[in-house]
Amino acid sequence: MDRKIEELQSVLKKYGQEHLLNHYENLDDKHQRDLIHQIELVDFELVNSLYAHTKKEEKRENDEITPIEYLDKYKLYDDYKYYENIGKKAIKEGKLAAVTMAGGQGTRLGHDGPKGTYDIGLDSHKSLFELLCDNLKEEGKKYGVTIPWFIMTSRENNEATIEFFEKNRYFGYQKDKNIFFFIQGELPMIDTEGKILIGEDGLIKQAADGHGGIYESLVKSEMTKRMKQIGIEWVFIGGVDNCLVKMVDPVLMGIALEKKVTVACKSVVKANPQEKVGVFCKRNGKPNVIEYSEITEEMAEQRDENGELLYGESHILCNLFSVEAIEKMGANPLPYHVAYKKATYLNKDGKLVVPDSPNAYKFEAFLFDAFGEVDDMAILRVKREEEFAPVKNADSAGVDCPKTARALYKKFYHLD
Ligand code: UTP
């Protein structure tokens, strides 16, 4: 073991991360083994380049941004039934699975526990997970199938998530038969000097690598392999925090099949031109999502000949992929975006520091950064009031919070 430690020390020295072993002697055997394992897995070159990235965000101002075509679900007229029938057939044949991304920290909501366990305050007191499961059960019944449900957790919330499902008997779904959990990737958090943080447990402080980690983790955890084994060809990927998410949509599926695209996404039209949301576009000729901060005021106001906003289709994290597209997207690393966050850590004297303002960098990949991997995708505009009730903030924020989501849910299901 001593030799191993010496070897690691020299690697750490090379990268200026020697402090990681400062408290090694104070750890119990298990933690010592875990720390060594963690250090062996860290890609220090990547950590260095991520730190450099915190000093200089990549500028994308030379990219050519152009509008992307979309279809409006309620202006398909005769085509509606046509696409719907194609999609229904594929769903009945058992080709669709759902993936829920539930690895986020939900910091804005401030709930103690995985976000999916949150009760939005309906009379039924159902959690977000149960509301999503209800939807899957209801839709599955329509087509005579059980939609396999894959749930992405983080290392941080995996145990609590599974415990919650156990306690609730998987809401009637069968574990390992039609419900599967997998853990997303993570990256070390670093301080403003580029030093990797040590957490309370004496181990490297890691954080989930963003919803863009979905592709790689689906592949690495062999979920895509499993999907193919059970005949899945299409996967709806959505967030855990939209209580009106429609994971089973034959029209969306029919459009993807008929138009022979491998990705089909839903959008809702911006509430107003200056709304702070990411919108679908083409970037250098490839599908993409552009952040509101990257769009000029003038672009945000531009309209087509029908009076529709040219950049008005918001990305709502409701996307359908072929399994092949997921594999393709999981094969190439995505760029990481930097977030400056509060992180509790052990300082060089082994004292716990609980900061009251941000002190550390966290790195996240965004799911839509992979869209450029495909040449074309279909976009389907749906109605906000039917499909989008996000739970992002605490009620005090007044928007995208439990109160607004509850109201939208009740209205849609006529619960009042
Ligand atoms: P958000 O970007 O809204 O993040 O995630 P969040 O973690 O829920 O909330 P904040 O920003 O900390 O307040 C959108 C969806 O992506 C999932 C979330 O669980 C949510 O369903 N997600 C996000 C992951 O699964 N993993 C991540 O690393 C980040």
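The values are calculated or read from the model by the stated rules, or taken from the named source; none is laboratory data. None of the values given here were measured: they were computed from a predicted structure. Cβ coordinates were reconstructed from backbone atoms using ideal geometry, including for glycine residues, and neighbour counts include every protein chain displayed. To get the accessible areas, we keep the full protein, side chains included, count just its heavy atoms, and leave off ligands, DNA and RNA. Shrake-Rupley method; radii C 1.70, N 1.55, O 1.52, S 1.80 Å.
Mind running the shape call on region 308-416? Use the C-alpha gyration tensor, a ≥ b ≥ c as the square roots of the eigenvalues: rounded below 1.5 for a/c, prolate if a/b tops b/c, oblate otherwise. The partial results should precede the final answer.
Details: a/c = 2.72, a/b = 1.25, b/c = 2.18.
It comes out oblate by the Cα gyration axes.
At a threshold of 8 angstrom on Cα-Cα distance, excluding pairs fewer than six apart, so keeping six or more, what relative contact order does region 286-370 reach in percent?
25 percent
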- Item | Unit charges at the beta carbon, dipole of region 103-230: most positive-side option, GLY144, GLY116, THR161 | GLY144
- Message: Sort 339-348, 139-148, 185-194, 261-270 by the packing proxy (mean of other Cβ within 10 Å over each peptide's residues), most packed first.
- Response: 261-270, 185-194, 139-148, 339-348
- Using Cα pairs under 8 angstrom and six or more residues apart, how large is the relative contact order of region 175-265, in percent? 19 percent
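Past 26 Å, Cα to Cα, is the threshold; run LYS270/LYS403; LYS177/LYS362; LYS30/LYS55 against it and keep the listed order. Don't skip to the end; give the middle numbers.
On the way: LYS270/LYS403 21 Å; LYS177/LYS362 35 Å; LYS30/LYS55 36 Å.
Long pairs (Cα-Cα over 26 Å): LYS177/LYS362; LYS30/LYS55.
For the pairs LYS89/LYS259; LYS73/LYS259; LYS92/LYS282; LYS73/LYS137, note any where the Cα-Cα span goes beyond 25 Å.
On the way: LYS89/LYS259 16 Å; LYS73/LYS259 15 Å; LYS92/LYS282 33 Å; LYS73/LYS137 23 Å.
Pairs exceeding the cut-off: LYS92/LYS282.
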- Protein chains only, probe 1.4 Å: how do ARG406, ARG226 rank by accessible area, largest first? ARG226, ARG406
- Assign one of three labels to region 30-79, namely rounded, prolate or oblate, based on the Cα gyration tensor with a ≥ b ≥ c the square roots of its eigenvalues; rounded applies when a/c is under 1.5, prolate when it is not and a/b is larger than b/c, and oblate otherwise. oblate
- In degrees, nearest 10, range 0 to 90: what is the angle between the Cα axis of helix 29-41 and the longest Cα principal axis of the chain? 60 degrees
- Item | Residue (of ASN319, PHE371, GLN206) at the positive-pole extreme of the chain, dipole from beta-carbon charges | ASN319
- Treating the beta-carbon of each Lys and Arg as +1 and of each Asp and Glu as -1, no other charges, what is the dipole magnitude of region 27-133 about its Cα centre, to the nearest 20 debye? 400 debye
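For Cα pairs less than 8 Å apart in space and 6+ apart in sequence, what is the mean separation divided by the residue count of region 12-155, i.e. the relative contact order in percent?
Normalised by residue count, the contact order of region 12-155 is 21 percent.
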- Message: Students often check this: by mean Cβ neighbours within 10 Å, which of 155-163, 214-222 ranks highest, and how do the rest follow?
- Response: 214-222, 155-163
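Over region 336-416, average the accessible area per residue using a 1.4 Å probe and give it in Å², no decimals.
Values: 4170 Å² over 81 residues.
Here the per-residue accessible area is 51 Å².
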- In whole Å, largest first, the alpha carbons of region 43-116 cover along the principal axes 54, 41, 27
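Using only the Cα atoms of region 54-213, build the gyration tensor, take square roots of its eigenvalues as a ≥ b ≥ c, and label the shape rounded, prolate or oblate: rounded if a/c is under 1.5, else prolate if a/b is larger than b/c, else oblate.
oblate
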- Message: Can you tell me which of GLY87, GLY116, GLY350 moves the most in a GNM of the chain? Springs connect C-alpha atoms under 10 Å apart.
- Response: GLY350
- Query: Each residue of region 342-353 in order: what ³J(HN,Hα) in whole Hz does its phi give by Karplus 6.51 cos²θ - 1.76 cosθ + 1.60, θ = phi - 60°, with x for Gly and Pro?
  - Reply: 7, 9, 6, 8, 9, 7, 5, 8, x, 8, 6, 10
- Query: Per-residue ellipticity at 222 nm for the chain, helices alone: DSSP H runs ≥ 4 residues times -39500 (n - 2.57), over residue total, nearest 500 deg cm²/dmol?
  - Reply: -9500 deg cm²/dmol
- Could the peptides 119-130, 246-257 be put in order, highest first, of the mean number of other beta-carbon atoms found within 10 Å of their residues? 246-257, 119-130
- Query: For helix 128-143, what angle does its Cα long axis make with the longest principal axis of the chain, in degrees from 0 to 90 and rounded to 10?
  - Reply: 40 degrees
- In bins 10 Å wide, starting from 0, what share of all Cα pairs of the chain does each bin hold, as a percent? 4, 20, 30, 26, 14, 5, 1, 0
- Residue among GLU84, GLU25, GLU297 with the largest mean-square fluctuation in a Gaussian network model of the chain, springs linking Cα atoms under 10 Å: GLU25
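Could you give the accessible area per residue of region 147-230, probe 1.4 Å, as a whole number in Å²? It would help to have the intermediate numbers written out before the result.
Working: 3820 Å² over 84 residues.
Ligands and nucleic acids excluded, the result is 45 Å² per residue.
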